[in-house]
Amino acid sequence: RSWLGESQLHRREIALELHGNAYVRYQSVSSPEELLALFTSKRPAKVHVGAVFSDSPQFKKKGVSEQPIHRELVFDIDVNDYAEYGIDADDLEACNAAWKLVGFGLHVVRIVLKRHFGFSRALVVYSGRRGAHLSLYDKRACELSNEARSAIVAFLQPGGSAEKPHFDSLVNAPCFARIFKENVMVFFESACVRPRRE
């Protein structure tokens, strides 16, 4: 994020999920030492990194009108997303088998985001539960309006119903024929047409 210039850590929201399901939002720190102190004092079960605000997010708790000025564009694919295809999120063997689908899904999303929208700075990470996140760090992606974010998500999400989903927007995109040939068919032939035990 060199395009941001100096560190924006002191203006970035850190939200903590504590043990017992308590949720603490609008935390911020200015240094690694303060971050360690926050983690040591709160001992969170999970940590969520939010937007960069116009000022310290702690002011939002005091009723000051704070606005996010930069936020990564994040896509999430979970094993649960494949429930209509027979993947039970509580079945460990099925979840392990579905990991290829999660990884492949994010691979295709990343390619589409690059070829169709021109985004190139992406990071894929395990989400800590049943899926993974793809975060975009391009300046243009981080400055998108809510409407633009929703339009990109709508382009990538299936239409139709859970029983008969379709990806008309994606399939009709100029970049998809190449993605289908170089990625989708290769994955289908190598991972989808053989029995799971193989």
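The values are calculated or read from the model by the stated rules, or taken from the named source; none is laboratory data. If you're wondering where the values come from, they're calculated on a predicted model, not measured in any experiment. No Cβ is skipped: glycine too gets one built from the backbone with ideal geometry, and neighbour counts run over all protein chains shown. The area values use the complete protein model at the heavy-atom level, side chains included, leaving out ligands, DNA and RNA. Shrake-Rupley method; radii C 1.70, N 1.55, O 1.52, S 1.80 Å.
List of remarks:
- In the range 164-195, residue farthest from Arg115 (Cα to Cα) [restricted to those that are of a type in the set (Lys, Arg) and surrounded by 10 or more Cβ atoms within 10 Å (Cβ to Cβ)]: Lys181
- Filter pass, Phe117 being under 19 Å from Asp78 (Cβ atoms) and either hydroxyl-bearing (Ser, Thr, Tyr) or out of contact with any strand residue (DSSP E or B) (no Cβ under 6 Å at 6 or more places or on another chain) (or both): no
- Which listed residue is free of Cβ contacts under 8 Å to residues at least 12 places away in the same chain and either in contact with a strand residue (DSSP E or B) (Cβ under 6 Å, 6 or more places away or on another chain) or open to solvent by less than 60 Å² (accessible area, probe 1.4 Å) (or both), from Ala45, Ala37, Ala98: Ala37
- Scanning the range 97-133 for residues that are closer than 20 Å to Leu4 by Cβ, in contact with a Lys or Arg (Cβ under 8 Å, 6 or more places away or on another chain) and hydrophobic (A, V, I, L, M, F, W, C) yields Phe119, Ala122.
- Gly118 being at pLDDT 90 or above and open to solvent by 40 Å² or more (accessible area, probe 1.4 Å): yes
- Residue satisfying condition, being small (Gly, Ala, Ser), without any contact (Cβ under 8 Å) to a residue 40 or more places away in the chain and open to solvent by 70 Å² or more (accessible area, probe 1.4 Å), within set Ser161, Ser65: Ser65
- Consider the range 48-62 and keep the residues that are under 14 Å from the mean Cα position of the chain (by Cα) and open to solvent by less than 50 Å² (accessible area, probe 1.4 Å). The one that is farthest from Gly103 (Cα to Cα) is Ala51.
- Filtering the range 142-158 to residues that are open to solvent by 40 Å² or more (accessible area, probe 1.4 Å), touching a residue at least 24 places away in the same chain (Cβ under 8 Å) and in a helix (DSSP H, G or I) leaves only Val153.
- Within the set Asp88, Asp76, the sole residue that is charged (D, E, K, R) and either more than 29 Å from Glu143 (Cβ to Cβ) or assigned to a loop (DSSP other than H, G, I, E, B) (or both) turns out to be Asp88.
- Single unsatisfied condition, Asp81 versus (1) in contact (Cβ under 8 Å) with a residue 24 or more places away in the chain; (2) in contact with a strand residue (DSSP E or B) (Cβ under 6 Å, 6 or more places away or on another chain); (3) open to solvent by 50 Å² or more (accessible area, probe 1.4 Å); (4) not hydrophobic (A, V, I, L, M, F, W, C): (2)
- None of Ala98, Ala132 is over 15 Å from Ile179 (Cα atoms), part of a helix (DSSP H, G or I) and not charged (D, E, K, R) except Ala98.
- Residue ID - surrounded by the most Cβ atoms within 10 Å (Cβ to Cβ), chosen from residues in the range 7-31 that are farther than 15 Å from Val49 by Cβ and touching a residue at least 24 places away in the same chain (Cβ under 8 Å): Leu18
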